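See structure below.
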């Protein structure tokens, strides 16, 4: 799994490439936690190049969502493929997140959101 | 028949090796993206579970993964020598609730059961044998709605305890008969059938059980049934098959009958 950060104005996009599995979910969680802790409150996680996500990955997303809420931040997901979206539906995770079709729209949406 | 085997040690970083081999095997045999994706997630979940929960001695253990293409199904068998764990009979609650309320226990098994067409579990000796089955043809729909799980096998004191759940009709009667025949072929003489989870049984189901019963008797073995609910009991009575089987009200009584049959 590779993680790349792209800063766009006040929004930080995190592009994830590869599998979010039992081994990589931990490093992804640490990376996103660090961003939230450092005060970057508008985060987009780009799933465009995610091959699959396992329950360990869903656990990471839930922890990050809680941390983001606690920090009064804004979190969005984007670029979710049809196979991965099916997993989000089976896991009943689609209602828990702001999900947008692509990175540009996600960044534009979060740039509009209130607060810092 | 295309097949592939990979052995790993019980470390999370090893999961990627298995998924790499699985993906190459799937691509090499022309399997769809959906089949490869769903099997990758299921294999990931099962191996993660084994690594987290199966071994408590801190030592290195081997996990064997075998991939087979059988007719129009992809079978992936995962064998480990850890503590007995039957995911088939383990309850995986449907996920619900907000970010704050959400509990994630059981999510992995929920994904596995939703993504696979069938999951079979056997405890043989000191090993767990779990087979994940995904159909490679037909409508690529998620089977989450119906109960996708049909058969689990545990061996206790030389008695095979087989759980059958869901609808036992003509569409799966042949398959269940084949699996039980395989078990007999492997040396099983005494089978205790747990029918608690059975929703329905058709005449094809009865006939396949009868064939198994006769096969066992021919080898001086025995088939005993237990856990038959009211609805299913009515089907046994109406069809006239009730008198053709040894039926016990509880697991303990069933085991008792089978232990005696060996003497």
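Considered as an equivalent ellipsoid built on the Cα gyration tensor, the range B:3-48 has semi-axes of 19, 12, 7 Å, the largest given first.
Normalised by the number of residues in the range B:123-263, the mean separation of alpha-carbon contacts (under 8 Å, six or more apart) gives a relative contact order of 21 percent. Evaluated at q = 0.14 Å⁻¹, a Debye calculation over the C-alpha positions of chain B (equal weights, vacuum) places log10 I(q)/I(0) at -1.04. What the pair-distance distribution of the range B:1-139 shows, using all Cα-Cα distances binned every 10 Å from zero, is 11, 43, 34, 11, 1 percent. Please check: in the Gaussian network model of chain B (C-alpha springs, under 10 Å), which one of B:95, B:249, B:87 has the largest mean-square fluctuation. Comparing B:95, B:249, B:87 in the GNM, the peak value goes to B:95. Fraction of C-alpha pairs exceeding 17 angstrom in the range B:203-263: 41 percent, rounded to a whole number. The DSSP beta bridges internal to the protein assembly as shown are antiparallel in roughly 55% of cases. No solvent, one uniform scatterer per C-alpha: report log10 I(q)/I(0) for the range B:150-263 via the Debye equation at q = 0.17, 0.21, 0.24 1/Å, two decimals. Each listed q corresponds, in turn, to -0.75, -1.21, -1.63. Average projection, convex hull of the Cα set of the protein assembly as shown: 21.0 square nanometres.
Summary of the geometry: the range B:1-60 and the range A:98-113, compared by the centres of their Cα atoms, lie 35 Å apart. Rounded to the nearest 0.05, the FRET efficiency derived from the C-beta distance between residue A:31 and residue A:7 at R0 = 22 Å is 0.95.
Between A:93, A:58, A:47, the GNM of chain A built on Cα springs shorter than 10 angstrom shows A:93 fluctuating the most.
Look at the alpha carbon pairs under 8 Å that are at least 6 residues apart: their mean separation over the length of chain B gives a relative contact order of 13 percent. The long axis of helix B:170-185 is offset from the longest Cα principal axis of chain B by roughly 90 degrees. Rounded to two decimals, the Cα-based Rg/Rh of the range A:23-116, with Kirkwood Rh, is 0.94. Full extension of the segment from residue B:186 to residue B:217, taken as 0.36 nm per residue of separation minus the current Cα-Cα distance, would add 9.6 nm. Counting Cβ atoms of other protein chains within 10 Å of each Cβ in B:43-54 and taking the mean gives 3. Entry note, chain A: the mean residue ellipticity at 222 nm calculated from DSSP H runs of n ≥ 4, each adding -39500 (n - 2.57), is -13000 deg cm²/dmol after division by the residues and rounding to the nearest 500.
To the nearest 10 degrees, how steeply does helix B:203-218 sit against the main Cα axis of chain B, on a 0 to 90 scale? Tilt relative to chain B: about 80 degrees. Rounded to the nearest 5, the antiparallel percentage of DSSP beta bridges internal to the range B:150-263 is 30%.
Helix B:33-49 and the long axis of chain B differ in direction by around 80°, with both axes built from C-alpha atoms.
On full extension, the segment bounded by residue A:66 and residue A:49 gains 3.7 nm, given 0.36 nm per residue less the C-alpha separation.
Could you give the distance between the Cα centres of the range A:25-74 and the range B:203-263, to the whole Å? Comparing the Cα centres of the range A:25-74 and the range B:203-263, I get a distance of 53 Å.
Rounded to 0.05, the FRET efficiency of the residue B:239 and residue B:199 pair, given R0 = 22 Å and the Cβ-Cβ distance, is 0.90. Would you mind getting me the FRET efficiency between residue B:1 and residue B:53? Use the beta-carbon distance for r and R0 = 41 Å, nearest 0.05. It comes out at approximately 0.80.
Any read-out appearing in this document is the output of simple, stated calculations on the displayed coordinates, not a laboratory observation. It should be emphasised that the depicted structure is a prediction, and the values quoted were computed from it without experimental measurement. Every residue, glycine among them, receives a Cβ derived from its backbone with ideal geometry; neighbour counts consider all protein chains shown.
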